[in-house]
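*Asks:* One structure, pasted below without further comment.
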Amino acid sequence: MANSRIAFESFDSAALRGNPLGDPHVRQVPVYLPPGYDDSTTRYPVVYLLAGFTGSGAMMLNLSAWEENLQARMDRLIASGAILPMILVLPDCFTRYGGSQYVNSSAVGRYDDYLVELVGFIDAKFRTRPDRDFRGVAGKSSGGYGSLVLGMRHPDVFGLVADHSGDKYFEYCYLPDFPKFLNALQKYKDPQALLADPSKLKPKGSDFFNFMNIAAMAACYSPDEKAPLGFELPFDLHTGELRPAVWERWKAADPLALVDKYADALRSLKLLFMDCGTRDEFNLLYGCRILHQRYDALNIPHQYEEFDDGHRNISYRLDVSLAAFSQTMG
């Protein structure tokens, strides 16, 4: 039997052409093909794995100290029988600001549309099982947020969702970082110049991340084509006082605010998986617990787990979610 391999596909996206940041519309998409793919005519289920903020598909293949890389993880899980052989797609949704939250935004681009468009490309290129019951989407942090929101908006495309510590309950998730942005702004006197080309700044420290993180979220949650930066910030730059109208736009994108609207879509999923660490540094545990209760109250079937860890170095949780995907698709 042939070994697994990573195919690197070049995808020319109509959705990303002319995006406002001038980011590439031709993206490299790594695709994990399981052992035996090249020796058979079998069709395989597919999982789209979404990276967290500042990440991209190719980065998830990197080696890390004391950890197996993604290809080795998949090979082990398949060889042990923990999961069925499946295709894994690693989309690139990186932007000049560090990420897209996998949404459509006039300040960033049409990344929701891009991912739906990518599904058609992958189904045409590889021997997939082109049915939502055999197509999952999973991710961590911003990737978990994107996975959940894609499942809400496109249950006809993605029938299985795994949300690993995805952004939610924005009052706890993002509010603590607003003062960090304001403090960083005292260092970066010209935010427009910094956002025009963040790669120029050297060295990049914690202030840089604190600035880019909130700027990127604002570009996704509160875009405004009339604003100088193309988006509105949810607080006053001098006093830090919240700007209620803009903050409400952010909260409208919170999965906790979306769950009632998309309850039927969530109920239709073949699998809805969610987890979080009990020591999550971004306070996501509490949003997960609230959403878990909302799911129960709305009779939305789901699987929820808590792990004794934080927000980082949690790739091992994929063993759990992929096994749940496999059991459902099998």
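The values are calculated or read from the model by the stated rules, or taken from the named source; none is laboratory data. The model shown is predicted, which means the values in this text are computed figures rather than measured ones. A quick note on method: Cβ atoms are made from the backbone with ideal geometry, for glycine too, and the neighbour counts reach across all protein chains shown.
*Asks:* Taking only region 261-306 into account, find how many residues are among the charged types (D, E, K, R), surrounded by fewer than 20 Cβ atoms within 10 Å (Cβ to Cβ) and within 25 Å of Phe53 (Cα to Cα).
*Replies:* 5
*Asks:* Here's another thing I want to ask about it. Kindly provide the set of residues from region 272-330 that are under 26 Å from His154 (Cα atoms) and of a type in the set (Val, Ile, Thr), ordered by number.
*Replies:* Of everything in region 272-330, those that are under 26 Å from His154 (Cα atoms) and of a type in the set (Val, Ile, Thr) turn out to be Ile290, Ile300, Val320, Thr328.
*Asks:* Now for a different question. Considering region 79-90 alone, what residues qualify as being of a type outside the set (S, T, N, Q), on the phi < 0 side of the Ramachandran plot and either in contact with a Phe, Trp or Tyr (Cβ under 6 Å, 6 or more places away or on another chain) or free of Cβ contacts under 8 Å to residues at least 60 places away in the same chain (or both)?
*Replies:* Those that are of a type outside the set (S, T, N, Q), on the phi < 0 side of the Ramachandran plot and either in contact with a Phe, Trp or Tyr (Cβ under 6 Å, 6 or more places away or on another chain) or free of Cβ contacts under 8 Å to residues at least 60 places away in the same chain (or both): Ala79, Pro85, Met86, Ile87, Leu88, Val89.
*Asks:* Restricting region 92-124 to residues that are in contact with a helix residue (DSSP H, G or I) (Cβ under 6 Å, 6 or more places away or on another chain) and not hydroxyl-bearing (Ser, Thr, Tyr), which is nearest to Ala58 (Cα to Cα)?
*Replies:* Cys93
*Asks:* Out of everything in region 241-266 that is touching a helix residue (DSSP H, G or I) at 6+ places or on another chain (Cβ under 7 Å) and not in a helix (DSSP H, G or I), what residue ends up being nearest to Glu171 (Cα to Cα)?
*Replies:* Only one residue tops the list, namely Asp254.
*Asks:* Please specify each residue of region 127-142 satisfying the condition of being farther than 29 Å from Asp39 by Cβ and assigned to a loop (DSSP other than H, G, I, E, B).
*Replies:* Once the filter is applied, which keeps residues that are farther than 29 Å from Asp39 by Cβ and assigned to a loop (DSSP other than H, G, I, E, B), region 127-142 yields only Ser141.
*Asks:* Exactly one of these conditions fails for Tyr145: (1) assigned to a loop (DSSP other than H, G, I, E, B); (2) within 14 Å of the chain's Cα centre (by Cα). Give me its number.
*Replies:* The number of the failed condition is (1).
*Asks:* Quick check on region 148-156. Is at least one of its residues farther than 20 Å from Ser100 by Cβ and in contact (Cβ under 8 Å) with a residue 12 or more places away in the chain?
*Replies:* yes
*Asks:* Of all residues in region 20-57, which are crowded, with 19+ Cβ neighbours inside 10 Å, assigned to a loop (DSSP other than H, G, I, E, B) and either touching a residue at least 60 places away in the same chain (Cβ under 8 Å) or aliphatic (A, V, I, L, M) (or both)?
*Replies:* Matches in region 20-57: Pro45, Ala51, Gly52, Phe53, Gly55.
*Asks:* Can you find a residue in region 193-215 that is surrounded by 15 or more Cβ atoms within 10 Å (Cβ to Cβ), out of contact with any Phe, Trp or Tyr (no Cβ under 9 Å at 6 or more places or on another chain), at pLDDT below 95 and closer than 20 Å to Pro20 by Cα?
*Replies:* So far as region 193-215 goes, no, none of its residues is surrounded by 15 or more Cβ atoms within 10 Å (Cβ to Cβ), out of contact with any Phe, Trp or Tyr (no Cβ under 9 Å at 6 or more places or on another chain), at pLDDT below 95 and closer than 20 Å to Pro20 by Cα.
*Asks:* Name the residues in region 1-50 that are over 19 Å from the mean Cα position of the chain (by Cα) and among the small types (Gly, Ala, Ser), would you?
*Replies:* Ala2, Ser4, Ala7, Ser10, Ala14, Gly18, Gly22, Gly36, Ser40, listed by residue number.
*Asks:* Is there a residue in region 119-138 that is hydroxyl-bearing (Ser, Thr, Tyr), on the phi > 0 side of the Ramachandran plot and either surrounded by fewer than 19 Cβ atoms within 10 Å (Cβ to Cβ) or touching a residue at least 40 places away in the same chain (Cβ under 8 Å) (or both)?
*Replies:* No, region 119-138 has no match at all.
*Asks:* Return the pair list, or none, for Cβ contacts closer than 6 Å from residues in region 215-230 that are more than 14 Å from Tyr97 (Cβ to Cβ) to residues that are crowded, with 18+ Cβ neighbours inside 10 Å, at least 6 apart or on different chains.
*Replies:* What qualifies is Asp224/Phe231; Asp224/Glu232.
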